[in-house]
Amino acid sequence: MSASTYGSLFTFTTWGESHGPAIGCVVDGVPPQVVLSESDIQQFLDRRKPGQNRFTTQRQEEDKVKILSGVFEGRTTGTPVSLLIENTDARSKDYSEIKDKYRPGHADFTYDAKYGFRDYRGGGRSSARETASRVAAGGVARKVLQSRLGDGIAIRAGVVQVGPHKINRDNWDWKAAAENQFFTPDAAIIPVWEEFLDKTRKAGSSAGAVVEVVASGFPAGLGAPLADKLDADLAKAMMGINAVKGVEIGAGFASVEMGGEVNSDQIRIEDGKPKFLSNNAGGILGGISTGQDIVVRIAFKPTSSILTPMLTINNQMEETEIVTKGRHDPCVGLRGAPVAEAMMALVLCDHLLRHIAQTAK
């Protein structure tokens, strides 16, 4: 079992390796007659693709998506939607010098320990290159969500911290996040991050980042108690993103410092509808959505491929050193925003369709 499939009713399976001929995914459970074209998906891939500025890997991939099945005359047919993205700028020779060494912070050692064999070309399946497939699948999920819930929904993500430097939340502007290369809602922090990342890269090091993803306009009632909690599925999906080492929902770890009277989101009635006075729960209570914004933050570790010599071992269990050459993001979290949005869309689409199937609403 390759464990490459997410979801229950609405599922997606990714395939392919970083330096293989192509990557892609199969999205199943897509309802029929949803309007879908390659351009609907491409807009999200364009935001994630590498080589767009000096703070991302300089690997030049167009990431052009092709729909191979499941769509006829511009509408989904109800059968699996298969998507293809060709790899056009892989440089496997960059990794030939380290094929027998285990890169610290990477999955090299663990893949070898599990399978007795690994694809050393850019990490194979463990490469962040695989996330392009998730973003493509997320584009399909967004169209399904829009077809069922209308244009009032939004799924947006922004980078809120790079290294030790956090944004000023008073400056929050989603329009800015959609227009700048850092995907940040605080445009004023950009010069600080630029200076910090330039120094980090020149030092042969890397930096981590925190991404916040928010889903707005979704109804109360999505999710289920216990084994199929919405927040549990979101946590699994976000932790499944390459380089993510932490997930929090709503107030998250900060709730530990709150009293119950502060952390509990009190409720009033406004215009005949429930109105929560705060959102420390991140839009989810008891595993079920409240109708508020669904808020998730994820922590990306510093990129493990760096130019600083590191202590490691090889596959003969001999001690050695390693310098990882090639084209790598100095802060992989910067391109994490589109991926986080995709995973949010995929989980919410799965839960929405499950909710409709169970309640007929």
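The values are calculated or read from the model by the stated rules, or taken from the named source; none is laboratory data. Just so we're clear, the structure is a prediction, and the values are computed from it rather than from any experiment. Backbone-built Cβ (ideal geometry, glycine too); neighbour counts: all protein chains shown. The protein model used for the area step is the full one, side chains on, heavy atoms only, and it has no ligands, DNA or RNA in it. Shrake-Rupley method; radii C 1.70, N 1.55, O 1.52, S 1.80 Å.
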What do you reckon, is ILE313 at pLDDT 90 or above and touching a helix residue (DSSP H, G or I) at 6+ places or on another chain (Cβ under 6 Å)? no
Residue pairs meeting the criteria (Cβ under 7 Å; at least 6 apart or on separate chains; first without any contact (Cβ under 8 Å) to a residue 60 or more places away in the chain, in the stretch 286-304; second assigned to a strand (DSSP E or B)): GLN292/PHE276
Given the conditions (1) open to solvent by less than 20 Å² (accessible area, probe 1.4 Å); (2) more than 27 Å from the chain's Cα centre (by Cα), every one holds for LYS361 apart from (1)
For the stretch 46-70, name all the residues that are under 16 Å from GLU86 (Cα atoms), at pLDDT 95 or above and open to solvent by less than 20 Å² (accessible area, probe 1.4 Å). VAL65
Hits in the stretch 283-303 - residues which are more than 30 Å from ASP329 (Cα to Cα), open to solvent by less than 30 Å² (accessible area, probe 1.4 Å) and in contact with a Ser or Thr (Cβ under 8 Å, 6 or more places away or on another chain): GLY283, ILE284
Among residues belonging to the stretch 238-282 that are open to solvent by 80 Å² or more (accessible area, probe 1.4 Å) and of a type in the set (Asp, Glu), point out the one that is nearest to VAL210 (Cα to Cα). GLU257
I'd like to know if the stretch 136-150 contains one or more residues that are on the phi > 0 side of the Ramachandran plot and at pLDDT 95 or above. yes
Looking only at residues that are in contact with a strand residue (DSSP E or B) (Cβ under 9 Å, 6 or more places away or on another chain) and free of Cβ contacts under 8 Å to residues at least 60 places away in the same chain in the stretch 174-188, which one is farthest from ARG47 (Cα to Cα)? ASP186
Going by the conditions given, is ALA345 touching a Leu at 6+ places or on another chain (Cβ under 7 Å), under 30 Å from ALA176 (Cβ atoms) and not in a strand (DSSP E or B)? yes
With the checklist (1) open to solvent by 50 Å² or more (accessible area, probe 1.4 Å); (2) more than 21 Å from GLY333 (Cβ to Cβ); (3) modelled with pLDDT of 95 or more in hand, flag the one item PRO225 doesn't pass. (3)
Among (1) closer than 30 Å to PHE182 by Cα; (2) over 14 Å from the mean Cα position of the chain (by Cα); (3) open to solvent by 40 Å² or more (accessible area, probe 1.4 Å), ILE306 falls short only on (3)
Can you confirm whether the stretch 114-134 contains a residue that is hydroxyl-bearing (Ser, Thr, Tyr), touching a Ser or Thr at 6+ places or on another chain (Cβ under 7 Å), at pLDDT 90 or above and surrounded by 16 or more Cβ atoms within 10 Å (Cβ to Cβ)? yes
Could you check how many residues of the stretch 167-203 are of a type outside the set (Asp, Glu), open to solvent by 60 Å² or more (accessible area, probe 1.4 Å) and either under 19 Å from the mean Cα position of the chain (by Cα) or farther than 23 Å from ILE306 by Cβ (or both)? 9
